[in-house]
Amino acid sequence: FLTCEMPASGNIHKHMDTSGSMWIKVDTKPLTANRLWMGRKWPTPQYKAYREELLLKMPSIDNFPKPPFCIYYIFGLSNINQDLDNCLKGVNDALQERYLFNDRDIYKAVMEKRKVPKGSEFISFNIKSLADTEWKQQNE
């Protein structure tokens, strides 16, 4: 299990941790899956705005990793009763659109939620390749 390091400052949007991994921070309240869709197939206006916000705030990533992926997520939530897994779908949809990959190539995901004051919500993620790891060799 990898140790997850995340910068404490809300002003840092790209951060290299001590292992050399890039962390990206988007200062946006995570939208739950319950707020994404009207009925089965139609995205809500709130989800459309959320996705646009994420796409605008996500920075480019040089040397984007190769699939399969492991993604580490940290969701800063002011409502600690919010379901962590409900935050994932909207973020993954935006990630794959912004970074041009298919979310079916996410083979491992680690999620964490942190209690933050209202108005300080955030989403942080770290995308790594499993292509050259022992994990991939064991799971082929």
Taking only pairs six or more apart or across chains, which ones have beta-carbon atoms under 9 Å, a first residue in the stretch 107-133 that is of a type in the set (Phe, Trp, Tyr), and a second residue that is in a loop (DSSP other than H, G, I, E, B) and open to solvent by 60 Å² or more (accessible area, probe 1.4 Å)?
Tyr107/Pro67; Tyr107/Asn139; Phe122/Lys29
Among the listed residues Pro65, Pro59, Pro117, Pro43, which satisfies the condition of being farther than 23 Å from Met16 by Cβ and in contact with a strand residue (DSSP E or B) (Cβ under 9 Å, 6 or more places away or on another chain)?
Pro43
All positions within the stretch 58-74 that are charged (D, E, K, R) and free of Cβ contacts under 8 Å to residues at least 40 places away in the same chain
Asp62
Search result, residues across the stretch 73-85 that are within 12 Å of the chain's Cα centre (by Cα) and either open to solvent by 20 Å² or more (accessible area, probe 1.4 Å) or at pLDDT below 95 (or both)
Leu84, Asp85
Report yes if Arg35 is surrounded by 19 or more Cβ atoms within 10 Å (Cβ to Cβ) and of a type in the set (Lys, Arg), otherwise no.
no
What number goes with the only condition from (1) at pLDDT below 95; (2) open to solvent by 20 Å² or more (accessible area, probe 1.4 Å); (3) within 15 Å of Lys29 (Cα to Cα) that Lys118 does not pass?
(1)
Those residues that are farther than 22 Å from Lys113 by Cβ and at pLDDT 90 or above, I need them from the stretch 11-61; list them, please.
Pro45, Lys48, Ala49, Glu52, Leu55, Leu56, Pro59, Ser60, Ile61
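The values are calculated or read from the model by the stated rules, or taken from the named source; none is laboratory data. Everything quoted here is computed from the prediction, not taken from an experiment. Methodologically, a virtual Cβ is constructed for each residue, glycine included, from the backbone with ideal geometry; neighbour enumeration extends over all protein chains shown. Heavy atoms of the whole protein, side chains included, go into the accessibility calculation; ligands, DNA and RNA do not. Shrake-Rupley method; radii C 1.70, N 1.55, O 1.52, S 1.80 Å.
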